[in-house]
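Below is one structure; the comments refer to it alone.
The values are calculated or read from the model by the stated rules, or taken from the named source; none is laboratory data. Owing to the predicted nature of the structure, the values given are computational and were not obtained by experimental measurement. As a convention, Cβ positions derive from the backbone with ideal geometry for all residues, glycine included, and neighbour counts pool all protein chains shown. Areas reflect the complete protein model, heavy atoms only, side chains present, ligands, DNA and RNA absent. Shrake-Rupley method; radii C 1.70, N 1.55, O 1.52, S 1.80 Å.
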Amino acid sequence: MTERALGAEESSRRHEGRPPRDDVRQAVARLPWDLRLPLVMYYFDGQNVKTVAEKLEISTSGVYQKLKAAIKELHEMLTTQGDMP
């Protein structure tokens, strides 16, 4: 079995009885508001970067920076063992 397959098997055992999206939702809810809002607007509500920037009254590069930071934090939360309740 490959290392990737072993990781997937371990991950599925760790989350038995609970849809994997619950982990993502919980992690998103734990993000600071200033990172969570643009992330939700862009990825979940389907708004484009320009619209998010206008609604939040920040630059488009500011939106990209916040999305990058939010994704980094989500990755850290979701890959750190024992960090999720």
Item checked: Heavy-atom SASA rank of 25, 30, 36 (probe 1.4 Å, accessible area, largest first) -> 25, 30, 36
Margin query: Please list, in order along the range 32-43, the HN-Hα scalar couplings obtained from phi with the Karplus expression 6.51 cos²θ - 1.76 cosθ + 1.60 (θ = phi - 60°), rounded to whole Hz, x for Gly and Pro.
Written below: x, 3, 5, 9, 5, 4, x, 4, 5, 4, 7, 7
Check: How many nm separate the modelled label positions at residue 50 and residue 22, each set 7 Å beyond the Cα in the direction of the Cβ?
Finding: 4.1
